[in-house]
Amino acid sequence: MGVPVPYHEQLLVQAAKLLAEDPKRPYQANVRRAASASYDAVFHFFADELAKQVVGASAATDSLGFAVGRALEHGSLRAAAERFSSQGAPANLPLPFRSCLTRVSPEFRALASDIVSLQDLRHRADYDRAIHLQKREANVALSRAESLVQDWPRLDTDERRTFLVAILLWKSLAGR
Amino acid sequence: MLVVPMIHKRPETPKLDPKKLGLPSPPAVKSIDVNPFVNAVGEEGLEVTVHLTNLTSEQEGNLDWTKGIEKRIRDALESMGDERFPLILYRTPSDETPASEPE
């Protein structure tokens, strides 16, 4: 039996299929669901990475790993990503994280910025019918989500580990 | 005791002039609109609409050019001291409208 395709990859495939559905005159429902699936892919990617960080790769797809993934919240992911994406990082991070990093690379700042943009677009796509979402927006979302997943392993290990701990513990440590 | 109501001043909406941002080109940016909106977590963000003169089919197919524009806009807002996060949308004159949806 083969290895199952990771859930975040399934969501990226789903987004691509929705965007290929009607190349000339796309249904808003397809464009919106594609934008939404692109963000969801990133969210679940981080839930899985978090599980690997906390319980190890071998247990990440066990019940314990899924339990860790369930702890990830959209608000914490966003709050941490906003701070990491700023020119002020890492000095703008909650105190316990400041000494974990001497700098945040431009590549990591861009990745963090993409997380926030994807979440905002997903919110608009899911709930704001007043805006006519262009297929271009969903294509940008999909392309950013794909790049993020692809680029993540190549980024600095300390940045990645600090970010993962930050998104898990943000609520507890944000005010310190 | 005199109670002074707290008045929170609404931050002004920043103006972004494409000529002053040093945007990478192509594609050419005609103008940029900035409007406040409520973001995914209920905070105020900025909806930034970048109006492009046009896009080639190659530019529609490979949207990497958006990265440079987004970085410049984010950096410009931060340097203005505006911490609201931008949601950046791109529009061309030939974009679809609600009327162009399939029936």
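The values are calculated or read from the model by the stated rules, or taken from the named source; none is laboratory data. Everything numeric in this text was worked out from a predicted model, so none of it was measured. Here Cβ is always computed from backbone atoms with ideal geometry, including for glycine, and neighbour counts include all displayed protein chains.
When B:Leu46, B:Leu87 are checked against the criterion of being closer than 22 Å to A:Leu133 by Cβ, facing chain A (nearest Cβ under 8 Å) and either part of a helix (DSSP H, G or I) or not β-branched (Val, Ile, Thr) (or both), B:Leu87 stands alone in meeting it. Can you find a residue that is outside any helix (DSSP H, G or I) and of a type in the set (Phe, Trp, Tyr) anywhere in the stretch A:18-31? Within the stretch A:18-31, one or more residues are outside any helix (DSSP H, G or I) and of a type in the set (Phe, Trp, Tyr). Within the stretch B:65-84, the residues that satisfy the criterion of being within 16 Å of A:Arg144 (Cβ to Cβ) and either at the interface with another protein chain (Cβ under 8 Å from one of its Cβ atoms) or of a type in the set (A, V, I, L, M) (or both) are B:Thr66, B:Lys67, B:Ile69, B:Glu70, B:Lys71, B:Ile73, B:Arg74. Each residue in the stretch A:84-115 was checked for being among the charged types (D, E, K, R), within 13 Å of chain B (Cβ to nearest Cβ) and over 24 Å from B:Glu44 (Cα atoms), and 1 pass. Residues in the stretch A:91-140 that are at pLDDT below 95 and among the aromatic types (Phe, Trp, Tyr): 2 in all. For the stretch A:5-33, a residue qualifies if it is touching a Pro at 6+ places or on another chain (Cβ under 9 Å), at the interface with another protein chain (Cβ under 10 Å from one of its Cβ atoms) and touching a residue at least 60 places away in the same chain (Cβ under 8 Å), and the qualifying residues are A:Pro26, A:Gln28. Residue-level check: of (1) assigned to a loop (DSSP other than H, G, I, E, B); (2) within 11 Å of another protein chain (Cβ to nearest Cβ), A:Leu118 misses just (1).
For the condition surrounded by 17 or more Cβ atoms within 10 Å (Cβ to Cβ) and within 18 Å of the chain's Cα centre (by Cα), A:Arg154 does not qualify. Scan the stretch A:119-154 for residues that are in contact with a Ser or Thr (Cβ under 6 Å, 6 or more places away or on another chain) and not basic (Lys, Arg) and the total you get is 6. Note on the stretch A:84-123: residues that are touching a helix residue (DSSP H, G or I) at 6+ places or on another chain (Cβ under 8 Å) and within 23 Å of B:Thr92 (Cα to Cα) amount to 5.
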